Amino acid sequence: MTRTPRAPLGGAVTVSAFWFFGLGSLGLFFPYYSLYLRENAGLAGWQVGAVLAALPTVALLAQPAWGMLADRRGSRAQVLTWLALGSAACYAALALGQSFASLLLLTALLACFSTPLIPTAVSVTFAVTQEMGPHAFGLCRVWGTLGFGACMYGFLPLLDFAERSGGLVAQPGGPSEPALRLMFPLTGAVLLVAAGLALALPRAGALATRAERHEWRSLLGHGPYLRLLVVVWLGYLLLQGPMAIFPLFVRAHGGSIDTVGELWLLMLALEVPLILLSGASLARLGARGLLAGGLAAGGLRWVVCGFFPESAWVAPAQLLHGAVVAGLILGGPLYVEAVVPERLRSTGQNLLAMVGVSLGGLLSNLGAGALFDAFGADAPYRVGGVGALVLALALPLLLPPPTRSGAQRPPAPTG
């Protein structure tokens, strides 16, 4: 009798720990991968863009496939475990890449598992916390931001120690951080911990709700959902590429890897309270308002970087990253949760990620790399910043208020 009320809390604690290690792995990888490709691997700007574009390219197939599998079989927690294990192995394998071709291939393999990981974790978190009130999702998700910051910040002194111990010193014309390859096995190890936590998640209840065969096709005729896909695609098209090459922007203006880490800490400083307050913000602004705010914050941030790169405003502008996360990265999934039937939540979240993070990110990474090479380090930020501000102003005309579709339909069988 006493186990039933404690089960949701236990699941929420486990999924919070998963977020800590799952996004913690990205804290080891994402801020430094483009720098590694440019300096340690010696790739040209267009090659860096192509390798980064491999992630969203493969995700165009991987994300909807894994989402449909999770919904159709009612196995969301199991799928999350498989994705974490596969990602761990692929991150570690990146240390084997030596050339443009090998890094491109290994990054594409990584994308098969890593790109569906976060949208699947979002759907699992909504299922675990759906009876716990509007603040529960933010309370779980914020641990991901804390893990990202802890791993990113803790990696730099570890990297310095490894370089001193190995007698590695930066040479003129060589990489600024000779031991940067260390991030690959560390990222894999952190994700192994996340996989163990996913294995401990419950397998019944909302996590096991099954969709009917081909029911995902109903999303293709859902007007508000399709409009959301267009808005999110445009948002990532304008904002993602500049984010991916941000270390190159910092280096182009005389910064070091320590500068990158310091700016990332500023990015996370506002993200934590905004995610914690996402429930209150959702009640006050709605998912549509969150999206508009995220786009406006991202646009203003890149306008400052692109037009005033040497000013004192560049560092404080990075605080706006928290508003981008709370607005665009959380607002989109919250809108999906408000309009998509529960049994299609994994498919809905993965399709959203496919169109936004993957398709939008693919074109954005390629465009940012090309603009970087052709017009200099500031060009991607000028284009992305101005475009995002225009999109934020137009959003009320593009996206209707959310209303769940199929909310009154009988529930599908559980697994």
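The values are calculated or read from the model by the stated rules, or taken from the named source; none is laboratory data. Computed from a predicted model, the values in this text were never measured in an experiment. Heads up, the Cβs are rebuilt from the backbone with ideal geometry, glycines too, and the neighbour counts pull from every protein chain shown.
A few notes on this one:
- Some residue of region 278-295 being buried (at least 24 other Cβ atoms within 10 Å of the Cβ) and either under 21 Å from Ala368 (Cβ atoms) or out of contact with any helix residue (DSSP H, G or I) (no Cβ under 9 Å at 6 or more places or on another chain) (or both): yes
- Looking only at region 110-134, and only at residues there that are within 14 Å of the chain's Cα centre (by Cα) and among the β-branched types (Val, Ile, Thr), the one that is nearest to Ala93 (Cα to Cα): Thr115
- Exclusive hit being crowded, with 19+ Cβ neighbours inside 10 Å, more than 17 Å from Gly138 (Cα to Cα) and not aliphatic (A, V, I, L, M), set Ser311, Ser346: Ser346
Listed here are the residues, each with its yes/no results for (1) over 25 Å from Ala88 (Cβ atoms); (2) at pLDDT 90 or above; (3) in contact with a Lys or Arg (Cβ under 8 Å, 6 or more places away or on another chain).
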| residue | (1), (2), (3) |
| --- | --- |
| Val190 | no, yes, no |
| Thr209 | yes, no, yes |
| Ser218 | yes, no, no |
| Gly221 | yes, no, no |
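- Cross-chain or 6+ apart pairs with Cβ under 6 Å, region 324-335 first and surrounded by 24 or more Cβ atoms within 10 Å (Cβ to Cβ), then of a type in the set (Asp, Glu): Val325/Glu271
- Out of Leu197, Leu168, sole residue that is surrounded by fewer than 23 Cβ atoms within 10 Å (Cβ to Cβ), touching a residue at least 12 places away in the same chain (Cβ under 8 Å) and hydrophobic (A, V, I, L, M, F, W, C): Leu197
- First in region 115-127 and over 15 Å from Gly332 (Cβ atoms) and surrounded by 24 or more Cβ atoms within 10 Å (Cβ to Cβ), second anywhere and at pLDDT 90 or above and hydroxyl-bearing (Ser, Thr, Tyr), Cβ under 8 Å, 6 or more apart: Leu117/Ser87
Conditions tested, residue by residue: (1) touching a residue at least 60 places away in the same chain (Cβ under 8 Å); (2) within 19 Å of Gly144 (Cβ to Cβ); (3) of a type in the set (Phe, Trp, Tyr); (4) in a helix (DSSP H, G or I).
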| site | (1), (2), (3), (4) |
| --- | --- |
| Met267 | no, yes, no, yes |
| Ala296 | yes, no, no, yes |
| Val304 | yes, no, no, yes |
| Ala312 | no, no, no, no |
| Gln318 | no, yes, no, yes |
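- Hey, Ala77 modelled with pLDDT of 85 or more, crowded, with 19+ Cβ neighbours inside 10 Å and under 27 Å from Leu229 (Cα atoms) or not: yes
- Only one of Phe155, Phe137 that is of a type in the set (Phe, Trp, Tyr) and over 18 Å from the mean Cα position of the chain (by Cα): Phe155
- Taken over region 87-101, the criterion of being surrounded by fewer than 20 Cβ atoms within 10 Å (Cβ to Cβ) and part of a helix (DSSP H, G or I) is satisfied by Ala89, Ala92, Ala93, Ala95, Leu96, Phe100, Ala101.
- Residues of region 126-150 that turn out to be more than 19 Å from Leu290 (Cβ to Cβ) and in a helix (DSSP H, G or I), as a count: 8
- Leu228 vs. criteria in contact with a Lys or Arg (Cβ under 8 Å, 6 or more places away or on another chain), touching a residue at least 12 places away in the same chain (Cβ under 8 Å) and closer than 28 Å to Val390 by Cα: no
- Members of region 59-84 found to be among the polar types (S, T, N, Q) and closer than 17 Å to Ala211 by Cβ, listed by number: Gln63, Ser75, Gln78
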